[in-house]
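First up is the structure itself, then whatever we jot down about it.
The values are calculated or read from the model by the stated rules, or taken from the named source; none is laboratory data. Remember, predicted model here, so these are calculated numbers, not experimental data. Here the Cβ positions follow ideal geometry from the backbone for every residue, glycine too, while neighbour counts run over all protein chains shown.
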Amino acid sequence: MTDMTVSSPAVPRKRRSNWQLLMANRLAAAGLFLFGTIVVLAVLAPVLPLPNPDITDQPNRLLPPLAGGHLLGTDHLGRDILSRLIWGTQVSLIVGICATALAALFGSLIGLVAGYARGATDSILMRLVDMLMAFPYILLAIAIVAALGPGLLNALYAIAIVNIPFFARNIRGVTISIRNREFVDAARLSGKGHVAILFSEVLPNVLPVIVITMSTTVGWMILETAGLSFLGLGAQPPTSDLGSMLGQARAQLFTAPHASIIPGVMIFILVMSINLLGDGVRDVLDPRLRSGALNRPLAVTRVDRAAPPPATMANAPVLVVDNLCTGFSDGGHVAPAVRSVSFQLDRGQCLGLIGESGSGKSVTALSLMGLVASPPGVITGGGVYIDGADVLAAREQTLIGLRGNKVSYVFQDPLTTLHPLYRVGEQIAEAVTAHAAVGRRAAMARAVELMETVGIRDAAERARAYPHELSGGQRQRIGIAMALANDPDIIVADEPTTALDVTVQKRILDLLQDLRRDRGLALLLITHDFGVVAQVCDRVAVMKDGAIVEQGDTRDVLRAPRHDYTKRLIACVPEMGEGATFLDRVRPLFAEGRA
Ligand code: ADP
Ligand code: MG
């Protein structure tokens, strides 16, 4: 009997524009709003009805806010604080932004040239940069201003110079990783010169990093400029920026606190808003941050089900997956990857989950134990019942306790799942001690025993090997031994043989088969190869675009596939002695898919 599940048509994934993403980040939007308001006020300073910021009025000195027609009061020379604040903000902004632009220009140029040229050029440039970095930079800035003479322009140069190393180092690192890429080689082969390659191939790839570094350092540079002005090394009277306003009001800190508090608060708001905005810009421009791939994932995938299914199921087999839906969120919109997937698995059974790459097999497998990285993963519906209880509704600790204990995983590439710096025996022992309170010696003995179970010869000796000292097949056996460490009821094997050659694949599949028979394991075997399914699975579920399109007994499905996609997958298994006619037979089946 084969039963059909309706496949939903593929929903095109909506990509949100950078602007929408930035606005979705509330802090960044608030930062943008504040910063925008401040910039507009500063730009409009000449046309706003403000008194001249430099006109002194001794009788009216140190007026408190709202007194004598001065909204924010007056300073120690009787000058209008509001007017000075807006003009001063304009100066601070211009100096900070120009310093950032200068530092970015020269720093990026140094980084690009050093990273692209390597060799002696790189060494010389980087040692110069190191020399700059060897001094505490505010001291360096003070020294530069002392040498050039106090003044706003010199403060700007000083701040730009001390920030060059940040850009140079960042950009050099990115350039080095890009210069060895194939598209740069291709450009070189096409006869482009170094300068052309640097500006047309490398620079566009480095640009986002430059923008990110700029957006995250501009606030800092405004603060540094204010620091120099505060010390009297930046803006010289009568010109004032926020730092010099603060510096001049210092003497009246107790008699007229408003004169120093107001520019202080302004500096705080300005730098804060720029930093919030800068962080938002960085998140939008860095695709890994956008998807949350660099965040530490939650211990358990986020579960956000509109209608949770019943928490328990009577007389259920060991594993029931009921209408499971999993998607990936990019901030607000959730793109579905697994849609209403249902299947069951009982003791001693093997279910094959088959589908082409990207059809959602791994996401389904990881969802069972809440292992999909979150963010961005989110389980949006359905239930996963183990021994009749919905684990997605269980407490986090319960779910973590089931992992590797009741349900364990074997992954595709054992070289990436094994820790390269620990001996394999220790890694298996660690899997044992994660759930059982046994001593080190007992755990090691158990590890050796498990290695024997999975057919590794001289187990006691091989237990002391590092992963790179084993063959691919042996490493996969270690992966299986780790999965068996706590006598699980269910093993989820995600393409366990894809990285192996055919003979080793056969042996690993036989091993899984034997373990299933001897220990009554339930096996969920994920693959893209119908040959593997035919060899080991009692039942098969065919996945396409995140949904199961057909499932049933392997023999029935093989004999009479209902879905067109299943027919094509079956046709992809080459037959003995078929030779060159295989491609001729398979090609027409996929012709319509490519249109
Ligand atoms: P496979 O069947 O090859 O194992 P997967 O289950 O890994 O496929 O992936 C299913 C779908 O989920 C793919 O379309 C993939 O683009 C999407 N996907 C997987 N991981 C992520 C992620 N971290 N962020 C966004 N989309 C993802
Ligand atoms: Mg996969």
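Overview of results
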item: Filter pass, residue 352 being in a strand (DSSP E or B) and within 23 Å of residue 529 (Cβ to Cβ); result: yes
item: Contacts under 7 angstrom Cβ, first residue in the range 329-341 being within 12 Å of ligand 1 (Cβ to nearest atom), partner of a type in the set (Ser, Thr, Tyr) and not in a strand (DSSP E or B), 6 or more apart; result: 330/291; 338/364; 338/367; 339/8; 341/364
item: Selection from the range 455-506 of residues that are closer than 21 Å to residue 421 by Cβ and of a type in the set (Ser, Thr, Tyr); result: 466, 471
item: From the options 492, 533, residue that is farther than 20 Å from residue 386 by Cα, outside any loop (DSSP other than H, G, I, E, B) and among the β-branched types (Val, Ile, Thr); result: 533
item: Residue check, residue 121 surrounded by fewer than 16 Cβ atoms within 10 Å (Cβ to Cβ) and polar (S, T, N, Q); result: yes
item: All positions within the range 175-199 that are of a type in the set (Gly, Ala, Ser) and either in contact (Cβ under 8 Å) with a residue 12 or more places away in the chain or in a helix (DSSP H, G or I) (or both); result: 177, 186, 187, 196
item: Only listed residue being free of Cβ contacts under 8 Å to residues at least 24 places away in the same chain and within 16 Å of ligand 2 (Cβ to nearest atom), chosen from 503, 416, 497; result: 416
item: Residue match in the range 530-541 (condition: of a type in the set (Lys, Arg) and without any contact (Cβ under 8 Å) to a residue 12 or more places away in the chain); result: no
item: Options 45, 10: the member that is in a loop (DSSP other than H, G, I, E, B), in contact with a Phe, Trp or Tyr (Cβ under 7 Å, 6 or more places away or on another chain) and either at pLDDT 90 or above or outside the structural domain of residue 235 (by TED's automatic domain parsing) (or both); result: 45
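A quick yes/no check of all residues on (1) in a helix (DSSP H, G or I); (2) within 16 Å of ligand 2 (Cβ to nearest atom); (3) modelled with pLDDT under 90:
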| site | (1), (2), (3) |
| --- | --- |
| 272 | yes, no, no |
| 326 | no, yes, no |
| 362 | yes, yes, no |
| 367 | yes, yes, no |
| 374 | no, no, yes |
